[in-house]
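Shown next, in structure tokens, is the structure this report addresses.
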């Protein structure tokens, strides 16, 4: 077994995907370290209750951002890489994506603006000003995600890393300024958090404007057909992932108190470090694997992916003795009541990291319902778990519900990967496989 894993490891080191993953992972690690400083400043200055108010606004922003793209973001890595050697189709794809994003964003933001009082009452969140900041943050995040995804799909991973680091630096500097000059004002922290990604995206997007921008218009022929073929499943998948990433904290705010939301948010921010790594690895693999076109290559890829599963297991075991220290040295001892929640959420993050390469496998084969079914599975578990157990068991229930949903998704992914791999023809992946 050791010899087998050693062989996989050596083969993996020679892989182009690993080198590109390393580039993005280094950038993501630097970003995570800078953001750790920002989180420490915000968490310590604001305290658990105000940090909870701040974090609920961020989760609300993440939840609302999906309305600006409605699944289009998932099509960027899939289709841009499929047509990586056909510039005209890539440009046509980008034109329609931008056209639809502008349309969706305008309609969605106009509608959601009228819903601010309802959102405040529904979430038991009497901070309408923070909701307005979240809505403004949606605009910046939509532009940031677009630039990030297009550069990733174009394999400009250095540019992606710079984008990520710049926004983190702007947040950290901004937080320090707010702490020093505005005495840690809540709205000051919020403004910095939402403006920083927008400024970074506008700067990097302008530098790479030939890649990130195209005149907005509807596509025709094959490009339009492919967009419509995947759009529904992409919409369900992205909507599900957005709910999964943000709804547990919103449940905590609605059912418990801002203090509980702050403790949960603090633990989530530390666990997010592993999430950064998973995001960087996935960002590379999604774009590389989308170009694979034969069963032999995909088989080698799946075998190599075992090394990440092993790394995830070892990583979690190594983290356990450091959990208490990581909490006290970062956001502070005021959050120590969330230690068990932190361990559960870090476990969830490492499980998610292990699943990443197998999710990427489905960017090479046409089973779009994998994403929609998997997303619905997790959403159902998270919603039902929080509805039935949150008020009784507190924030631990929210953490365990998210982890159980991830485990269920991992099992689903393993089974579906085996099913899809068995159905691949020996010589070539048929891009028109049944989408059921």
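Rule-based calculations on the coordinates, nothing more; no lab input. All of these numbers come straight from a predicted model, not from anything done at the bench. Heads up, the Cβs are rebuilt from the backbone with ideal geometry, glycines too, and the neighbour counts pull from every protein chain shown.
Relative to the longest principal axis of the chain, what angle (0 to 90°, nearest 10) does the C-alpha long axis of helix 87-113 take? The two axes meet at around 30 degrees.
Given Cα pairs under 8 Å that are at least 6 residues apart, what percent is the relative contact order of the chain?
Working: 615 pairs, mean separation 106.6, N = 436.
Here the relative contact order equals 24 percent.
Calculate the length of the line joining the C-alpha centroid of the range 281-322 to that of the range 110-167, in whole Å. Centre-to-centre distance over Cα atoms comes out at 29 Å. Of 216, 321, 77, which is the most mobile in a GNM of the chain whose springs link Cα atoms less than 10 angstrom apart? In the Gaussian network model the winner is 321. Here is the size of the range 2-422 from its Cα atoms: Rg then Dmax, 20.8, 62 Å.
Once the chain from residue 296 to residue 111 is taken as fully extended at 0.36 nm per residue, the excess over their C-alpha distance is 61.7 nm. Of 405, 240, 414, the residue with the greatest mean-square motion in the GNM of the chain, using alpha carbon springs below 10 Å, is 414.
Ranked by the mean number of other Cβ atoms within 10 Å of their residues, highest first, the peptides 44-51, 173-180, 90-97 come out as 90-97, 44-51, 173-180. The C-alpha atoms of the chain define a longest principal axis, and helix 221-255 lies at about 30 degrees to it.
Under the simplified labelling scheme, the residue 322-residue 84 pair shows an inter-label distance of 3.3 nm, with each label point 7 Å from Cα along Cα→Cβ. Mean residue ellipticity at 222 nm, helices only, the chain: -28500 deg cm²/dmol; runs of at least 4 DSSP H residues each add -39,500 (n - 2.57), and the sum is divided by the number of residues. Cut-off 10 angstrom, C-alpha nodes, Gaussian network model of the chain. Which of 186, 151, 249 fluctuates the most? Its mean-square fluctuation being the largest, the pick is 186.
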